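Read-outs: derived from the displayed coordinates by stated rules, not from any lab. Here the structure is a predicted model, which is why all the values come from computation and not from measurement. Note that each Cβ is placed from the backbone with ideal geometry, even for glycine, and that neighbours are counted across all protein chains shown.
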Amino acid sequence: MARSDENRPTTRRAEMAEQTRKRILSVALDEFTRSAYANVTVADIAAATGVAKGLVFHHFGSKEGLFLEALRVATAELDASHHSDPQLPSGVRIAQRFRGHLSYLAEHRDLALNLILRGDDAGPAVAQAFQSMRWSGIDWISRLLGLDPDHPSVQLTMNTYVNTADDIATRWLQQTEPFGLDEVTQALLEVLVGSLKAATRLDPELDVADAVASLDAALQQEPTPHRQDTAKATHARATR
């Protein structure tokens, strides 16, 4: 019993430290959502949390480390929006993932523009995290389409595609979503088809026929009423 009592202060201190860490991270997520990385300071985050600046460094090491943790929280939520029905054809599953991705970004516009899409200038560790995120997406799409993500031409053109897709999403949000979710989703699918065809220019022996056919089939599908309503609601919000 005595040993248990002796451990209680340590346990309470650890719990309080974890609560403080979570508060700092929550405030940082809000700050990085509202402002670009360069415009947020550790002093601002510390003041908003009500702690000493040194305590922020104690828990996260640096502003870059704090941003990286905030990015991980945001991307975990984003990943949860990437739902696709495994029973559906690969092209339709990719369309579902794209649409869920865009829908989340539209619903969290400031978070997307300041953290998810434009945070790769926050330092080497963050840039590496962004590259890892992009590679994860490339790997999922490539394997779903029956392609080898490590194939040099697939790797090159798909990496270019992901960068283009991020740029499309960024400009779409910056322009207050002038097009509906379905239109932008289809545009991303079209760009993906073009990227796969470009890969065959680099390696004529690469067979992307089935992958392109699956994506073309997804492009031919009419939006369901739910999808149409959501797209209209998005456009209406954009024009208000």
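Spacing of the modelled spin labels on residue 139 and residue 85, each 7 Å from Cα toward Cβ, amounts to 2.8 nm.
Note on 138, 24, 168: ascending count of other Cβ atoms within 10 Å places them as 168, 138, 24, the fewest first. For the peptides 153-160, 82-89, 10-17, the ranking by packing is 153-160, 82-89, 10-17, with the highest mean count of neighbouring Cβ atoms within 10 Å listed first. Based on C-alpha pairs under 8 angstrom that are at least 6 apart in sequence, the stretch 68-193 has a relative contact order of 27 percent. Counting only aspartates and glutamates at least 8 places from residue 53 when in the same chain, those with an alpha carbon closer than 12 Å to its own are 44.
Cα gyration tensor of the chain, axes a ≥ b ≥ c as square roots of the eigenvalues: rounded (a/c below 1.5), prolate (a/b > b/c) or oblate? Prolate.
Cβ-to-Cβ counts within 10 Å put 161, 104 in ascending order as 104, 161, the fewest first. Taking the Cα-to-Cβ direction at residue 163 and at residue 200 and moving 7 Å from each Cα, how far apart do the two end points lie in nm? For the pair residue 163/residue 200, the computed spacing is 2.4 nm. Along the stretch 62-77 the Karplus relation, 6.51 cos²θ - 1.76 cosθ + 1.60 evaluated at θ = phi - 60°, assigns HN-Hα couplings of 6, 4, 4, x, 5, 4, 4, 5, 5, 4, 5, 5, 5, 6, 5, 5 Hz to successive residues, with x for each Gly and Pro.
Only Lys, Arg, Asp and Glu carry charge here, each on its Cβ (+1 for the first two, -1 for the last two); on that basis the chain has a dipole of about 960 debye about its Cα centre. Multiplying the residue separation of residue 73 and residue 58 by 0.36 nm and removing their Cα-Cα distance gives an extension gain of 3.5 nm. The ranking of 206, 196 from fewest to most other beta carbons within 10 Å of each one's beta carbon is 206, 196.
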